[in-house]
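First the structure, in the form of structure tokens, and then the observations on it.
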Amino acid sequence: MSENGYAISTEHLTMRFGRKYALDGVSARIPKGSIYGLLGPNGAGKTTFVRVLLNLITPTRGTAIVLGYDVRKDPVAIRRRVGHVAALQPLWEWMTVREFAGLMAGCYPRWDDEAVKKIVSGVGIEMKDKLQHLSRGQRALVALAVAIGHQPDLLLLDEALTGLDPIARREVLRNIIDAMHEEGRTVFITGQDIPDMERIIDYVGFLVGGHLMVESPLDDLKARVKRIRVEHPAETQVPVPSNALNVVRHPRETAFTVQDFSQALLDSLAGPNLRAEAVDLSLEDMFIDLAQSKLRVEGK
Amino acid sequence: MRALFLKEWRQNYLLFLFALIVAGFLPGMYALINQTWVRNWPDQWSLNQSVGVAYVVVQFIIALLAGAGVIASETERGTLPVLLGLPLSRGRIWLTKLAAALTLALSGFAVVMGTGLMVLPQTISQLGWPTIWRDLPVCLALAFFLAFFWSAVLNRTISALLAAIVFGLAIFVGAAMFMLMFGAVLLGGDPLVDLYLWMLSAIPAVLLASYVAFARGAMAGGRRKWWLALVTLLAGVFVTGSLIVEVTRWQTRYQRSRVEQIAVEAATPGGAAIGLFTEGDLAGPPSHVEAGEEMRNTDYRRQHIAVVNLQDGRELLVRRGRGLVAVSKDGKLAALSTGWPTLTWRTSDMQGGDVREVRGVEIWDLERHQRLYRGFPSRFWDKARLDPRLMEWSPDGEWLLMVARNAEAYYALHSDWYPNGPSEVSPFRDDEYVLLLMRQDGSDPTVLECHEGPQDEGPAYAWDLRPGRHGVYAFARDGSLVRHDLDTGKAEKMWARLPAPAGAAVYRLSRVCIAPSPDGTTVAVAVGAYPYPPRPQRKGMDLLVLALPADGTALLKAATTPVARWTAYINHPLWLAWSEDGRSLCAAAAGGRRFEDRRQMLWTMRWHQGSAAALTTVREVYEGQGPFPRFPGGHVRVDARVDGLTAILHRHRFLLWYGGETWFVDESAELQPLPSPLLALGGGFVAFDNQGRAIVVLRGEKSKLAAVDITTGKVTDIYP
Amino acid sequence: MIDRIDPKSPLPIYRQIIDGICRGVAAGTLAPGEQLPSVRELAAQLLVNPNTVARVYRDLERDGLLETRRGTGTFISAGAEKLAEAERKRLIAQKLREVARDVHAFGLSTESALQLLREALADQKPGRKQ
């Protein structure tokens, strides 16, 4: 059901609560078969975005197409093929794992009981365990298992890693990767745990204050955004590109982050008594530089 | 959807458990109290009542709990995104939750009420059967749906619970107050809608509002949800309420063909117009407060008052409700008052029955079909609004008179549940009354205190019938006869109070009756008195005739203590009536001891004016066994009872009507049976029309008004 | 063989995996003809995006280090040994470039640096303490 190869595509998606804009003109493209990570600080609008995709809330303006369906017109058709894990993975505590899985199985057209069992037993959970007796990490696994259990074409995992212990985080990551064996399955994951997310995502989006600041394949981004370090004699003013971020000037060293790195740029900075080198940035560093600049621009 | 339904049940199974526990607990507790502590409980009836109330309370708890947690619990737990993320439309989710909560509540009801009806039926039947099958389910449904609504709007189960309780009580109280306050305004044919119908109308609105709040408002932010929900709620209540009002109005519209029973309130001499009280299953004069369940439970929306022209049967005026009608003597004016059963306690006398309140009065000019007044003067409201009876126009139609119970005195006297009688010493045997007077257009509202005896006596007030005078005779609180002059506003004492016989603490007036002669120059007054506290020795009874000279002073012209049998026998109401020429006076009463040899008696007397004014007894006309007599006398009073004694004075001829056997009798002659066509009638006499025909109410499957020519026996149907 | 990647390292994951495999081949821990885990297994093991692993395998196969046999899996190619030599050199050269940068930054003389290098190499001989 995909016309253009995108699992999710939004156009100027805006969500307003009272006077606050949770989402402001977000135009995102999530390709099919990718693992897309939407990063952003608290309150950036990540959860709101996920909720709009499932039509839990109706956007103020703009459109969103999920798996070829318009969220405003066919939300039920979307939800049938989307596995959703909400932030903090709320569950009905009184249920057992089996009861929870049973509820989900009864609501979706497809169900793979074996897959669910396999995922939960991987961390020692039994189907007869009561949800309230499980640890936080185990609950997250159960939620994920049940989301995968109905064989969705798209997984929407909101804050999937947030607040989990390292072992649980690993298990979640592992199961997400395992779930990718299905051809064409797309994973959309939001969070703040950038290093862990960086491992598995191949597309990244930065959401800050409701704006989608960056959207790019991860490799592209890593190639474009680098930190330049220039060693120079004292009192020398090194020309810094206008769109450079996080410019730090020391007496004999100047460092700045560029968003459009090229070898030519590096060469242009070389000169007598000037030594320039480019350093790869981790995604977290990139994000901090980009987010801080935006926040500064907005006067916060 | 089924999976979700089962999940809801499993989530809330505790409620069902609660119902099971209560179902077993209440009978057990009842048995325990019954066995061991019955000494401490006033009586079985109180225990039954208390447990019956407990059953009702439990039902409400179940209804509220079932509804309050449905949606709010999901918001509380944070599972709303999970729930709404399921591939079901919001409408489906809402419906599934509603169905689950509803079936849960219903099964709880069934368990509790089922065991209650099987094990303790005597407690539940205390509530009364219309309540159990109509009012209670509606209130429970409203409680449930309110809790469900608030569950969709608020975020916590507890808040939803409390909001439902507060809101439900507010609706109940608000609707009751609305009807109490605006009942008078609604006079005039507007429908009085039952309380339970208002609550019923709220239910679809509440349901729709809860759907809107959930489907459009869940997760959309607090303000939007509230706004959506409350707007829908108000709009819905308005729409469904109006719908119900319209349907009720349409259902209970007056249809001449549906008239089943006729009881006549008032008629003009000459038969120009008449007031009817038409209603489905009540037979009996409505101005008498009847004991018995029928009156209380009769649907007042089926009752109408109508003023009908006797000549052609045309309706001049129709109003809904019970009430009184008074038509002026020339048939020009009509006054209507509709009453409403109030939520007051029973009267102290043994006859019981509910007390009615005046809701308002309408005055119409029938000739020009124009309303002159509508309302109820506030002066009247403060002083007297209970148990209105006996409306009457002054002879020239200038003033309207109503008698009502003195509300202040009434509440003072009956201030506890089981009154033992008046707490203060009063010459009156019963409660105190007031006369309410106002002009045609409602101006000059006047309140006069007076005495009127219990309902079956002759009227203890009367208009001064002399032309050009506006006065009312009445017994004052101290037992004296007083004439209130409406033009001057003064009250003149006509006759002082009967002195107490030796040994009696105080005398109470009883069996009083005032009857002015047709030209108003002579007033006959019957006054009885008995000691209070009651003593074995008998009371006094005086029949007085007062002649009123033109200068207005009263002169006692003749007094007669009737034959010894009066004193011996009369312990029941007495009626007086004059003939048209003012020469004959008729008195009717029942005698004999209670439950033993009761007799009805009728005396005629001649009144001789002149220097040696005297009353001479002409004849004891009738003596016979039977129930309560009613003697309308004169022209006007109407008896709708088939088996009563009715005697009409008409040019010295009597039309005696008793129990299906009727006699037309000449005062001097022997009793004779009526011509055979009249024998078949057996209805109630209303009046003689100006063509000399007797207007009667014929009883059968349906009542009707007919005119009967007495001499030929020809019967003509008039109405409906 | 590579068994974990460092998410905090500035080196892209793709680079780290390639380096890992090459290091293994260079050190001899991955012999020619030895089977590598499937894309999915390796991705799950390393907790990285399978597309990345797939790209690694594709590129290494293009470079001749790996070969894929349909239905069986991915193996170290026979000609890996030859490439290993070049690869070893490349890796060492990469590391030495970093060292050289630091030497220059700290202002050490070339002779001192070479002396340190010789000492470090000497430490590597079997029997000497690390």
Please work out which one of (1) surrounded by fewer than 20 Cβ atoms within 10 Å (Cβ to Cβ); (2) on the phi < 0 side of the Ramachandran plot; (3) out of contact with any Lys or Arg (no Cβ under 8 Å at 6 or more places or on another chain) is the condition B:ALA68 fails and give its number. (1)
Selected residue (only one of A:VAL230, A:VAL187, A:VAL208 is more than 21 Å from A:VAL85 (Cα to Cα), assigned by TED's automatic domain parsing to the domain that holds A:LEU53 and either buried (at least 18 other Cβ atoms within 10 Å of the Cβ) or touching a Lys or Arg at 6+ places or on another chain (Cβ under 6 Å) (or both)): A:VAL208
Just to be sure I understand, how many residues within the stretch A:112-135 are crowded, with 18+ Cβ neighbours inside 10 Å and either in contact with a strand residue (DSSP E or B) (Cβ under 8 Å, 6 or more places away or on another chain) or more than 16 Å from A:GLU171 (Cβ to Cβ) (or both)? 1
Only residues that are surrounded by fewer than 19 Cβ atoms within 10 Å (Cβ to Cβ) and touching a Phe, Trp or Tyr at 6+ places or on another chain (Cβ under 9 Å): list them for the stretch C:43-73, please. C:ARG55, C:ASP59, C:GLU67, C:THR68, C:ARG69
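Within the stretch A:279-294, is even one residue more than 27 Å from A:ILE194 (Cα to Cα), in a helix (DSSP H, G or I), outside the structural domain of A:LEU38 (by TED's automatic domain parsing) and hydroxyl-bearing (Ser, Thr, Tyr)?
Checking the stretch A:279-294: not a single residue is more than 27 Å from A:ILE194 (Cα to Cα), in a helix (DSSP H, G or I), outside the structural domain of A:LEU38 (by TED's automatic domain parsing) and hydroxyl-bearing (Ser, Thr, Tyr).
Take residues that are closer than 18 Å to A:GLN151 by Cβ, at the interface with another protein chain (Cβ under 10 Å from one of its Cβ atoms) and touching a Pro at 6+ places or on another chain (Cβ under 8 Å) and tell me which of the strands (runs of 3 or more DSSP E) falling wholly in the stretch A:22-124 contain 1 or more.
Working: elements: A:29-31, A:35-39, A:61-66, A:82-85.
By residue number, A:82-85.
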Evaluate the stretch C:60-75: report whether one residue or more is among the polar types (S, T, N, Q) and within 25 Å of C:ASP6 (Cβ to Cβ). yes
Write out, first by first residue and then by second, each pair whose Cβ atoms fall under 6 Å of each other, whose residues are 6+ apart or on separate chains, and whose first residue, in the stretch C:83-104, is closer than 18 Å to C:LEU117 by Cα while the second is small (Gly, Ala, Ser). C:ARG88/C:ALA26; C:VAL103/C:ALA113
Failed item, numbered, when A:GLU182 is tested on (1) buried (at least 19 other Cβ atoms within 10 Å of the Cβ); (2) more than 16 Å from the chain's Cα centre (by Cα); (3) at pLDDT below 90: (1)
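Can you give me the number of residues within the stretch B:220-239 that are within 14 Å of chain A (Cβ to nearest Cβ) and at negative phi? Outline the logic, then answer.
Step one: filter the stretch B:220-239 for residues within 14 Å of chain A (Cβ to nearest Cβ), giving B:220-228.
Now narrow it down to the ones that are at negative phi: B:220, B:222-228.
Result for the stretch B:220-239: 8.
Which of the residues belonging to the stretch A:163-172 are more than 14 Å from chain C (Cβ to nearest Cβ) and either assigned to a helix (DSSP H, G or I) or without any contact (Cβ under 8 Å) to a residue 60 or more places away in the chain (or both)?
Kept after step one, since they are more than 14 Å from chain C (Cβ to nearest Cβ), are these residues of the stretch A:163-172: A:163, A:165.
Correct list: A:ASP165 only.
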Give the residue, chosen from A:GLY106, A:GLY83, A:GLY102, A:GLY149, that is crowded, with 17+ Cβ neighbours inside 10 Å and free of Cβ contacts under 8 Å to residues at least 12 places away in the same chain. A:GLY102
Residue check, A:ALA147 against (1) more than 28 Å from A:LYS32 (Cβ to Cβ); (2) in a helix (DSSP H, G or I), all met but one. Which one? (1)
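Answer yes if at least one residue in the stretch C:43-57 is closer than 23 Å to A:ILE200 by Cβ, among the aromatic types (Phe, Trp, Tyr) and facing another protein chain (nearest Cβ under 10 Å), and no otherwise. It would help to see each step written out before you state the result.
So the first thing to find is which residues in the stretch C:43-57 are closer than 23 Å to A:ILE200 by Cβ, and the list is C:43-57.
Checking the rest, the ones that are also among the aromatic types (Phe, Trp, Tyr) come to C:57.
Within this subset, residues satisfying the condition of being facing another protein chain (nearest Cβ under 10 Å) are none.
Checking the stretch C:43-57: not a single residue is closer than 23 Å to A:ILE200 by Cβ, among the aromatic types (Phe, Trp, Tyr) and facing another protein chain (nearest Cβ under 10 Å).
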Out of A:ALA160, A:ALA140, sole residue that is in contact with a strand residue (DSSP E or B) (Cβ under 9 Å, 6 or more places away or on another chain) and not in a loop (DSSP other than H, G, I, E, B): A:ALA140
Please find, within the stretch C:3-42, the residue that is nearest to the other protein chains (Cβ to nearest Cβ) out of those that are surrounded by fewer than 21 Cβ atoms within 10 Å (Cβ to Cβ), closer than 17 Å to C:LEU91 by Cα and of a type in the set (Gly, Ala, Ser). C:SER9
Wholly inside the stretch C:11-94, helices (runs of 4 or more DSSP H) that include 1 or more residues that are over 30 Å from A:ALA168 (Cβ atoms) are C:13-27, C:50-63
Tally, over the stretch B:300-313, of residues that are surrounded by fewer than 24 Cβ atoms within 10 Å (Cβ to Cβ) and either at pLDDT 80 or above or closer than 11 Å to B:TRP393 by Cα (or both): 1
Considering every residue within the stretch A:61-70, establish whether at least one is surrounded by fewer than 20 Cβ atoms within 10 Å (Cβ to Cβ), among the basic types (Lys, Arg), modelled with pLDDT under 90 and out of contact with any Lys or Arg (no Cβ under 6 Å at 6 or more places or on another chain). no
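Could you tell me whether the stretch B:26-40 includes any residue that is closer than 13 Å to B:VAL112 by Cβ, free of Cβ contacts under 8 Å to residues at least 40 places away in the same chain and either more than 14 Å from chain A (Cβ to nearest Cβ) or within 40 Å of the chain's Cα centre (by Cα) (or both)? Give the steps one after another, and end with the answer.
Quick first cut of the stretch B:26-40, residues closer than 13 Å to B:VAL112 by Cβ only: B:26-27.
The next check asks that each one be free of Cβ contacts under 8 Å to residues at least 40 places away in the same chain; those that pass are none.
No.
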Out of the residues in the stretch B:84-94 meeting the condition of being touching a residue at least 60 places away in the same chain (Cβ under 8 Å) and surrounded by 18 or more Cβ atoms within 10 Å (Cβ to Cβ), tell me which one is farthest from the other protein chains (Cβ to nearest Cβ). B:TRP94
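The values are calculated or read from the model by the stated rules, or taken from the named source; none is laboratory data. Treat the numbers as computed from the prediction; the structure is a model and nothing was measured. Don't worry about glycine lacking a Cβ; one is built from the backbone with ideal geometry, like all the others, and counts go over all protein chains shown.
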